[in-house]
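Coordinate-derived values only; no laboratory data. Note that the structure is predicted; figures quoted are calculated from it, not measured.
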Amino acid sequence: MPEGQRIQQTVSTMFIPQTVVDAAGIGGMTHAEGRSLMPDIRGGVPVGYQVAFSDMLDDRRVIRAGRWKMIINGNNTKMFDLQEDPHERNEVTDMTHWPIAERYLRVLLGQYLGAVDRGHWWSSTQTATGALGGAAADIDPTLRAQLQALGYVQ
């Protein structure tokens, strides 16, 4: 990739290991949660969802999709419009103009948090032992509070 060139779509740190292995010419990582960004770097058409999730720092969760970024810290939720405010200086406090954006991010984050295989969080075919298979899941108090903030549990 030429110096200074950037991939424009949203990507995840989950893609780093597979990208490094691919760039080094080493065989693929069959169980990697992410995908290689080498096709994107070479100018290919981006594949997959244009969504990135945080690496779960303490009780803080972050999701970015399109122009929107949501940060959930316990029961506190912040939204930013990265198209209008790329440096995240002004929190969007009135989402009445953007109700679908907020709900969209909450649904994606809930799907991600409930996935057994977070590398394929979008898949409706998670294993039978996973959250989508009906088995009981151990939920710590922090995750329970975040799922409550998203409206998934009471």
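Work out, step by step, the length gained on full extension between Leu82 and Glu33: first 0.36 nm times the residue separation, then minus their alpha carbon distance; give nm to one decimal.
15.0 nm
Once amide H atoms are placed 1.01 Å from N in the peptide plane, what residues at a sequence separation of 5 or more from Val92, or on another chain, have their amide H within under 5 Å of its amide H?
Answer set, sorted by chain and number: Met79, Phe80, Asp81.
How many times 2.2 N^0.38 Å is the alpha carbon radius of gyration of the stretch 1-48?
1.11
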